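Participant: For reference, the structure I am asking about is given below.
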4 protein chains.
Amino acid sequence: MAKSRFEYVRNYELPDPLTPNTFIIVRLDGKGFHKFSDAHNFAKPNDKRALDLMDTAAKTVFDEYKDVVMAFGESDEYSFLLRRATRVYNRRRSKINTSIVSLFTSAYVFNWPYFFPDVPLRYPPSFDGRVILYPGEIEIRDYFSWRQADTHINNLYNTTFWALVHSGQTTAEANKTLQGTNSKDKNELLFSQFSINYNNLPEMFRKGSVLVRQAQQPSVLASSKPQTVQQEGSNENHPVEIASQGPKSSEIITTGHEKCLRKEKTYVGTEGRVVVLHEDIVGDAFWKERPWLLL
Amino acid sequence: MAKSRFEYVRNYELPDPLTPNTFIIVRLDGKGFHKFSDAHNFAKPNDKRALDLMDTAAKTVFDEYKDVVMAFGESDEYSFLLRRATRVYNRRRSKINTSIVSLFTSAYVFNWPYFFPDVPLRYPPSFDGRVILYPGEIEIRDYFSWRQADTHINNLYNTTFWALVHSGQTTAEANKTLQGTNSKDKNELLFSQFSINYNNLPEMFRKGSVLVRQAQQPSVLASSKPQTVQQEGSNENHPVEIASQGPKSSEIITTGHEKCLRKEKTYVGTEGRVVVLHEDIVGDAFWKERPWLLL
Amino acid sequence: MAKSRFEYVRNYELPDPLTPNTFIIVRLDGKGFHKFSDAHNFAKPNDKRALDLMDTAAKTVFDEYKDVVMAFGESDEYSFLLRRATRVYNRRRSKINTSIVSLFTSAYVFNWPYFFPDVPLRYPPSFDGRVILYPGEIEIRDYFSWRQADTHINNLYNTTFWALVHSGQTTAEANKTLQGTNSKDKNELLFSQFSINYNNLPEMFRKGSVLVRQAQQPSVLASSKPQTVQQEGSNENHPVEIASQGPKSSEIITTGHEKCLRKEKTYVGTEGRVVVLHEDIVGDAFWKERPWLLL
Amino acid sequence: MAKSRFEYVRNYELPDPLTPNTFIIVRLDGKGFHKFSDAHNFAKPNDKRALDLMDTAAKTVFDEYKDVVMAFGESDEYSFLLRRATRVYNRRRSKINTSIVSLFTSAYVFNWPYFFPDVPLRYPPSFDGRVILYPGEIEIRDYFSWRQADTHINNLYNTTFWALVHSGQTTAEANKTLQGTNSKDKNELLFSQFSINYNNLPEMFRKGSVLVRQAQQPSVLASSKPQTVQQEGSNENHPVEIASQGPKSSEIITTGHEKCLRKEKTYVGTEGRVVVLHEDIVGDAFWKERPWLLL
């Protein structure tokens, strides 16, 4: 059995490097999650357990890939930003794409029981992924603005839709009621018919989830080892706590920090504890506090 | 919050269609499985539970993607062949690649407890994936020959290596003992020192795992719905049984079958029950029995 | 001026290899040739000088690139087939594409005075090019059938159109006359109104131009050096003669030739004198005489 | 002859769009120009006629493609910068690459007689081309610095080499003499042995050629139609004059110009007369005068 006789088929594996020094986004989407959410009785319009699970899966990606410096999640999708200069896997497109999607998927299934202790997973869910390259900072800001705007638009629609359905309309009737309405109409409908002030709803639902690393003083810079290994039978440090203990973003950056954005050959955005935020990322404040994201 | 203002970032999502009518291979590999196998005490040189789990995860991919017509697995890797004419996902490279890798990963974690009931999964494993295009039948045969030759070479080495280690050598000593040996040397060492006739070892270890669909008479062509949905609390039809009930390949094809290889617009290789075989795929016999694989 | 400081920009030059062992077509098209043909008073519907010039430019590509084994031209476009196994330029897409388009363009301008001695070239014409990969022999035959069918369709239309215009219709009237007509209608119109039997028109116009190498007995295999170098002031061996001395295709292949299709590591289609044919390539005869084209 | 039966082969033409809003460089290189320059007796180390011809060919590209905003040439290579936001040919990689290379080649052959009136072109020269994407302004500046540094290094070497050869050394001896020398050594050798002050040599040879558009007041903004169409028999406005009438760069920009860099949907760098400069582009001055180049 000559090894060399068949080896030539490796020549068909072609290189797929991404342009250097360009921002890389990996966005993954749940496959058939409408059916999946029905099969597992997700609460409508938002199931906090499911969103926390998504955030935890994203956090596992952060723990493994130091060059993932930001992520944004909503519903069954998540976008990961790799820092512009990353050389992870020599910037091979397929390797980066599949490694992140696979780890996210794995962490989703792995952590399911902690978030849905009473709901056995009925079948294995999956996600697809794509890689998108952006040359500049403006596009990255606009990319995340696009996703957060999408979160808002979908959530306002879904909140109103399910309020109508829970009040007795069929889904067809609810869809018809909402046809042609704008944002203002939906806000008024929610308030007048259901006494819901949309702006008081949880920020997680209205803003989505943002993952970044919490920059710290060098002296207290904690070890950032993955801590997803679970003790058997132990529930006390399960990932949901980690996911929900995000600090206020205003605590994070100290004055003069910008000066040490780059230390040696590393980069501050790849260190520090991962936090989950639910706040506005369309405006400037979020980005001014974290200048390393767009380096 | 103007939706349209940010929508332009979608233009950065570029098309990635694969050349039509060309064989598609998706090969996935475990990430850090040396460490993973140690952390979960896999038997050496082969852990049948782990291999059965891989086969079951591969079977889930078969159940979901009808145009996957063959797969080959060994150790922590699996290769999937999509039929030449497949139009799944409009042949988009990233979509195909990530969807298969994600589903495989998900099924691996999902089915872990059935194969390792006494070994809790300590952390989420992941796989990377790549897409390779082959223009012709010869390359496809040689591709699978390459993987099966690799299985043989690795397994012979590992079997000898671990026999030495189990008999008291350190891993360094065992490596040294094997340095410069050829196949014949290893076979003799196994036989003379350990009374192991290599050719009597399980075919699963020596040949790897092959998944194909079992062609059937049209009259008995079973429904091919995915059956991975688990009944809550039920263990009685868990995937391990499915994975281990592969028929002898000689039962599969009936005379005159070739005439109905193509029925209407479908294709016989996408129907029928999935079976796991451990047999030679370098020679002609396997392929002659299943002419639809190379259509 | 430190060289190394800027060298890093080379890392942005990414590889673009084509799948091995797959047929490569390079098709080039004239840019703005409607205007170009008007500016140089090309005869309508076909200008033999212009077609001969195209064929000569294509021949220059043949002389330079031995792995170009066939070409087909019509109007202002030309398609080149590189043999399946070619390793020219390590199969780099851009390198192959631009080298062929550039040489064709260069030869077109270079040879212009020989074909249009009384018509000075008024400005430099240009061509674009694309690379298309085909996995199998069927697609290659269908590709060339597609182009030759296109030649026929366009030429029948143009012949009828210009007959009407030359007889006094405006171009708008001629277009209107032809609206909704099929092939039979046009043939009849040509015959009844203009006494033109379409099938008697020159094959060059109806079939396009095919370039292949004329296989020869090894003993008489001529040197195939490029002979486009012109003697100063000499007109006696200018390229138009070369282009027009194509033999009858029936002379080319001798019985038993198939046995020596591959000699050593070479390939018969890359040797022999280049000939220009104007014959049917949709049917089997052309291909059966030249089995090396699809190796 | 059914058209539709073969049309499917078009599906193998796959899209190849370039990432939006990213700088595009097209660099072309002469194929076999060592031989070509020998065959046409180019002066060594630099032939001004050949360089002027290159510049004129580049200018033709400028005239045709308004979104080419800068070019740099040396020896037998030329690099073209397309403005970041260009949508020419929908940013299709092959289309852009081949169109530019083809037009350059065409203009090179077309204009040959004006620059080499006594040297008939012996055979058609050709160029290859590649597309490189750069995400930011720094890389573009460094790209052109890289090429200009290369010009300097090559020219200093070649000047010294040919001085030695013209003084009687063989080429092998000259190579040996220069082995291991640095810039300072070569400068001294030129001065001490040949009384050549390198810095007094023509800037064209030391700096290469830069093409940009000369920004003008809107009121005097000249029509920028291609003027490469030659009058028959006329030599009085041939391209060499155009190429050599480049203004001093200091004349170009007027105060306050930056305010009108973008007018409506157009862009000032795409208008104005094309000029050929031979000046430093590593420093800041060149770029500060033409801020539109990096928009």
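Participant: Are any residues in region D:200-215 farther than 17 Å from D:T60 by Cβ and modelled with pLDDT of 95 or more, and if so, which ones?
Facilitator: Within region D:200-215, D:N200, D:L201, D:P202, D:E203, D:M204, D:F205, D:R206, D:K207, D:G208 qualify.
Participant: I'm trying to understand the selection: among the residues of region B:22-47, which are open to solvent by 50 Å² or more (accessible area, probe 1.4 Å), more than 13 Å from chain A (Cβ to nearest Cβ) and in contact with a helix residue (DSSP H, G or I) (Cβ under 7 Å, 6 or more places away or on another chain)?
Facilitator: B:K44
Participant: Okay, moving on. Among the residues of region B:99-132, write down those that are assigned to a loop (DSSP other than H, G, I, E, B) and in contact with a Leu (Cβ under 8 Å, 6 or more places away or on another chain).
Facilitator: B:F116, B:P124, B:S126
Participant: Within region B:133-146, can you find the residues that are open to solvent by 10 Å² or more (accessible area, probe 1.4 Å) and outside any helix (DSSP H, G or I)?
Facilitator: Correct list: B:L133, B:G136.
Participant: I'm trying to understand the selection: among the residues of region D:64-78, which are surrounded by fewer than 24 Cβ atoms within 10 Å (Cβ to Cβ), within 27 Å of A:G136 (Cα to Cα) and out of contact with any Leu (no Cβ under 6 Å at 6 or more places or on another chain)?
Facilitator: Passing the criteria: D:Y65, D:K66.
Participant: Out of (1) within 13 Å of chain D (Cβ to nearest Cβ); (2) within 28 Å of D:L18 (Cβ to Cβ); (3) open to solvent by 10 Å² or more (accessible area, probe 1.4 Å), the odd one out for C:Y108 is which?
Facilitator: Failed condition: (3).
Participant: Does region D:189-202 hold any residues that are loosely packed, with under 14 Cβ neighbours inside 10 Å and either in contact with a strand residue (DSSP E or B) (Cβ under 6 Å, 6 or more places away or on another chain) or in a helix (DSSP H, G or I) (or both), and which are they?
Facilitator: Residues satisfying the conditions are D:F191, D:S192, D:Q193, D:N199, D:N200.
Participant: Quick one: would you say C:R10 is more than 18 Å from D:T105 (Cβ to Cβ) and either surrounded by fewer than 22 Cβ atoms within 10 Å (Cβ to Cβ) or at the interface with chain D (Cβ under 8 Å from one of its Cβ atoms) (or both)?
Facilitator: yes
Participant: So for region D:38-53 (the condition being within 10 Å of the chain's Cα centre (by Cα) and farther than 23 Å from D:A215 by Cα), does at least one residue qualify?
Facilitator: Yes: region D:38-53 contains one or more residues that are within 10 Å of the chain's Cα centre (by Cα) and farther than 23 Å from D:A215 by Cα.
Participant: Only one of these conditions is not met by B:A149: (1) facing another protein chain (nearest Cβ under 7 Å); (2) over 14 Å from the mean Cα position of the chain (by Cα); (3) farther than 27 Å from C:E137 by Cα; (4) surrounded by 24 or more Cβ atoms within 10 Å (Cβ to Cβ). Which number is it?
Facilitator: B:A149 satisfies all of (1) facing another protein chain (nearest Cβ under 7 Å); (2) over 14 Å from the mean Cα position of the chain (by Cα); (3) farther than 27 Å from C:E137 by Cα; (4) surrounded by 24 or more Cβ atoms within 10 Å (Cβ to Cβ) except (4).
Participant: So how many residues does region A:1-44 have that are among the polar types (S, T, N, Q) and either part of a helix (DSSP H, G or I) or over 30 Å from A:M70 (Cβ atoms) (or both)?
Facilitator: 4
Participant: Among the residues of region A:170-182, which ones are open to solvent by 60 Å² or more (accessible area, probe 1.4 Å) and either under 15 Å from A:H152 (Cα atoms) or of a type outside the set (K, R) (or both)?
Facilitator: A:T170, A:T171, A:A172, A:E173, A:N175, A:Q179, A:G180, A:N182
Participant: Let me ask you something else. With the requirement that a residue be assigned to a helix (DSSP H, G or I), more than 18 Å from the chain's Cα centre (by Cα) and within 9 Å of another protein chain (Cβ to nearest Cβ), what does region D:79-98 give you?
Facilitator: Within region D:79-98, D:Y89, D:R93, D:S94, D:K95 qualify.
Participant: Which one is surrounded by the fewest Cβ atoms within 10 Å (Cβ to Cβ), of the residues in region C:79-95 that are of a type in the set (A, V, I, L, M, F, W, C) and free of Cβ contacts under 8 Å to residues at least 60 places away in the same chain?
Facilitator: Result: C:V88.
Participant: Would you point out which residue out of C:V119, C:V101, C:V61 is open to solvent by 10 Å² or more (accessible area, probe 1.4 Å), among the β-branched types (V, I, T) and within 13 Å of another protein chain (Cβ to nearest Cβ)?
Facilitator: Among C:V119, C:V101, C:V61, only C:V119 is open to solvent by 10 Å² or more (accessible area, probe 1.4 Å), among the β-branched types (V, I, T) and within 13 Å of another protein chain (Cβ to nearest Cβ).
Participant: Something else about it: Spot the failing condition for B:R130; the list is (1) touching an Asp or Glu at 6+ places or on another chain (Cβ under 9 Å); (2) open to solvent by less than 50 Å² (accessible area, probe 1.4 Å); (3) in the same structural domain as B:Y108 (by TED's automatic domain parsing), and only one is missed.
Facilitator: (2)
The values are calculated or read from the model by the stated rules, or taken from the named source; none is laboratory data. Quick caveat, the model's predicted, so the values are computed rather than measured. Neighbour counts run over all protein chains shown; Cβ positions are idealised from the backbone, glycine included. The accessibility values were calculated without ligands, DNA or RNA, using every heavy atom of the protein model including side chains. Shrake-Rupley method; radii C 1.70, N 1.55, O 1.52, S 1.80 Å.
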